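Bear in mind that the values in this text are calculations on the coordinates, not laboratory data. No experiment lies behind these values; they were computed from the predicted model shown. Because the Cβ atoms are built from the backbone with ideal geometry, glycine has one as well, and the counts that use them run over all protein chains shown.
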Amino acid sequence: MPIMNKKILAYSLILITVALSTAVLATVYRWVDEKGVTHFSDKPQTRRRATAIEPDKKEPSQSKEYPLTSEDKDALKATESALNSKDYPKALALLKPLAERGNPQAQYRLGMLFDQGLGVAKNLVEASEWYRKAAVQGYALAQYNLGDMYYKGEGVPKDSTMAASWYRNAAEQGIAFAHPSSG
């Protein structure tokens, strides 16, 4: 066999090997679960947005403190009660004024209502805006959810760089399932 044909054959084999390995690697997904265990699969992990409605789950601390008046604290307690009893219109009425005054917890929860369509028409753009308001104030769960929206392109343009940035911010505050390598 002439030398030129051997080179062509060798290059062809290399190209075929690279093409096949790329096709195989393109279908392998890796993620880290809440306990820090790494998983591999041929299907992408379906991410679930963070929720903090459950009364037994303590919300992580935020990087910035938002001063709460006793009136705000009472409204947040009443909101939690309304959310737990699935009285979403009442929760919305309690959350909206607090969120508009800049309370990040209220902004996050209002984002959840729009995100999940609880007591309001589902509106991912509106949800992302409320999450962003809370996220820029350092509210970790809002940072995670905003990252998730960028990851999926829901309510915001799909942007893996922005998703990773918001996930990283949340992970730095202890949201274990928001580790940047989990995507």
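Some values worked out for this structure:
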{"quantity": "Highest to lowest packing among 103-110, 148-155, scored as the average C-beta count within 10 Å", "calculated": "103-110, 148-155"}
{"quantity": "Pair residue 100, residue 68: separation of 7 Å Cα→Cβ label points (nm)", "calculated": "2.2"}
{"quantity": "Residue-span extension gain [residue 8 to residue 152] - 0.36 nm each, minus C-alpha spacing", "calculated": "47.6 nm"}
{"quantity": "Cross-link table 73/96; 73/133; 86/152, entries beyond 24 Å C-alpha to C-alpha", "calculated": "86/152"}
{"quantity": "Relative packing of peptides 126-138, 83-95, 156-168, 67-79 - highest average C-beta neighbours within 10 Å first", "calculated": "126-138, 83-95, 156-168, 67-79"}
{"quantity": "Anisotropy class of region 77-183 from Cα gyration tensor, a/c 1.5 cut", "calculated": "prolate"}
